[in-house]
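Since the structure comes first, as structure tokens, the remarks are kept for the end.
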Amino acid sequence: MSVAAAYLDLPPSHSEGEPGLVTAQRQQALDHFRTKLFPKRNNEAWRLTDLKPLEGTFFPPASELADPNAVAQAGRIVEQERLADSLCLVFVNGLYISHLSSPERPDGVMIAQLKNKPTAAEPLLALIENGFSALAAAHFLDGPVVRIEGEVERPIQIIHISLNDEPTSVHSLTRIDLAAEASATVLETHIGRGSYWSNQGSLIVVGANANLTHGKIIAEDDSAHHLARQAVRIAANAKYDGYVLVSGGSLVRQDTMADLQGEKGFAGYNGLILRKTAQATIATEITHDALACETREVVKSVVEGDGHAVFQGKITVTPEGQKTNAYQLSQAMLLTDTARADAKPELEIFADDVKCSHGSTVGDLDDEQLFYLISRGIPKDEARAILIRAFAEAALDPIEHEGLKAYMAARLDVWLGAAS
């Protein structure tokens, strides 16, 4: 029996007092998993992703915090990872920890636990595209439901912490809604210690004329895996700016599906993959389904050792997407002979009045630039770090929230300090 099939022997997870609607949804998700299991390499969307780490180990779903020291350890992690002045929500092994989270709720911010808002979970079934997201819907313990109205100045940070000594899967679902005219900055931080598989699904809705800056940092343990699928729906004149930084984890894959559903909507997506070992993938599908929408997408990778970075990006313009303006760029810097980078950009256009372009480059450090810095008295290691930072920071430059930009740049510096 395959490891994927072993998950079929498990009943859906269940929370105490859970309404029948959620229980039925869980069973529906598990039934879907039965038809999908794990994606095969002949699936074009997964051809470049090596799933052997998940296919070789069974990760039973987390049920509770068995280790009494886990919450104390999580508290120390929160102190290190919290974004300054943020409204902070903390989940440990998929469970909400109230005393580590911010108690206040500013005007315009509604926050709830998914297990207490079953109607918020229903649209998340739309995320069930493959076996991984089906498992997340079947076995989630909890997750944040965030509703934002008006202009919220304080950033909202959701910290997901996984702490497991034995192989464990932590499944979670997230729902974020911005009402019309709303504005906010949201940061998701995924971090942990031990052997685990973090499996996440999320739905983000940006209302008409709303503006969301959405950051995500994947800094899982080097022996852990992280798979996530998020759907983003963007209304008329709305702006979504997404930023993802991958600096940890073994097998990592972040899938983002954005649908521009209203006239003059904007989708910005900047990614930064930092790899020393193993594989990380950023995969995006952005659909222009309305008039005069715009996409700006830049994904950069810095890879050393035997690391492997993958970018898969697809932009689709439907017949309703006339006057689309879309730009996509992938750039990779390889620091060693054994480092690898793959890029698979795609444009699929069914409209005739559009402006679309994409590009991809792979290279190494510029020897002339390195020599120039060394000749000015800068030590070689420092000169090397300067050039890498200049290349990578371009993915973070568009961030308008200065606190978020500094926070993500600090994560880059941590990786540079650990890189050889």
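The values are calculated or read from the model by the stated rules, or taken from the named source; none is laboratory data. Everything numeric in this text was worked out from a predicted model, so none of it was measured. We place every Cβ from the backbone using ideal geometry, glycine too, and count neighbours over all the protein chains shown. When the accessible area is computed, the model is the full protein with side chains, heavy atoms only, and any ligands, DNA or RNA have been set aside. Shrake-Rupley method; radii C 1.70, N 1.55, O 1.52, S 1.80 Å.
Of all residues in segment 67-80 being in contact with a helix residue (DSSP H, G or I) (Cβ under 8 Å, 6 or more places away or on another chain) and either of a type in the set (A, V, I, L, M, F, W, C) or within 21 Å of residue 173 (Cα to Cα) (or both), which is surrounded by the fewest Cβ atoms within 10 Å (Cβ to Cβ)? Here the residue is 71. Report whether or not residue 153 is within 26 Å of residue 286 (Cβ to Cβ) and open to solvent by 20 Å² or more (accessible area, probe 1.4 Å). Taking the combined requirement at face value, the residue does not satisfy it. Among the candidates 83, 30, the residue that is buried (at least 16 other Cβ atoms within 10 Å of the Cβ) and either within 22 Å of the chain's Cα centre (by Cα) or in a loop (DSSP other than H, G, I, E, B) (or both) is uniquely 83. Restricting attention to segment 386-420, the residues that are open to solvent by 50 Å² or more (accessible area, probe 1.4 Å), closer than 19 Å to residue 334 by Cα and without any contact (Cβ under 8 Å) to a residue 40 or more places away in the chain total 6.
Restricting segment 240-267 to residues that are hydroxyl-bearing (Ser, Thr, Tyr) and outside any loop (DSSP other than H, G, I, E, B) leaves a set whose member that is farthest from residue 203 (Cα to Cα) is 243.
Out of 71, 90, one residue alone is outside any helix (DSSP H, G or I), touching a residue at least 24 places away in the same chain (Cβ under 8 Å) and of a type in the set (A, V, I, L, M, F, W, C). It is 90.
Residues in segment 170-184 that are modelled with pLDDT of 95 or more, part of a strand (DSSP E or B) and surrounded by fewer than 24 Cβ atoms within 10 Å (Cβ to Cβ): 176, 177, 183.
Among the residues of segment 233-260, what is the count of those that are buried (at least 20 other Cβ atoms within 10 Å of the Cβ) and of a type in the set (S, T, N, Q)? Result for segment 233-260: 3. Taking the criterion of being of a type outside the set (Ser, Thr, Tyr), open to solvent by less than 10 Å² (accessible area, probe 1.4 Å) and without any contact (Cβ under 8 Å) to a residue 40 or more places away in the chain, the residues of segment 294-309 that qualify are 297, 303, 307, 309.
Checking each residue of segment 370-385 against the condition of being touching a strand residue (DSSP E or B) at 6+ places or on another chain (Cβ under 9 Å), on the phi < 0 side of the Ramachandran plot and open to solvent by less than 30 Å² (accessible area, probe 1.4 Å) gives no match. Given the residues 270, 209, which is the only one that is open to solvent by 10 Å² or more (accessible area, probe 1.4 Å), farther than 24 Å from residue 165 by Cβ, not hydrophobic (A, V, I, L, M, F, W, C) and not in a strand (DSSP E or B)? Answer to the check: 209. Selection of segment 33-48 for residues being in a loop (DSSP other than H, G, I, E, B), under 29 Å from residue 95 (Cα atoms) and out of contact with any Asp or Glu (no Cβ under 9 Å at 6 or more places or on another chain) yields 37, 39. Filtering segment 53-66 to residues that are surrounded by 14 or more Cβ atoms within 10 Å (Cβ to Cβ) and either outside any loop (DSSP other than H, G, I, E, B) or charged (D, E, K, R) (or both) leaves 53, 54, 61. Among the residues of segment 93-110, those identified as assigned to a loop (DSSP other than H, G, I, E, B), buried (at least 18 other Cβ atoms within 10 Å of the Cβ) and not small (Gly, Ala, Ser) are 93, 97.
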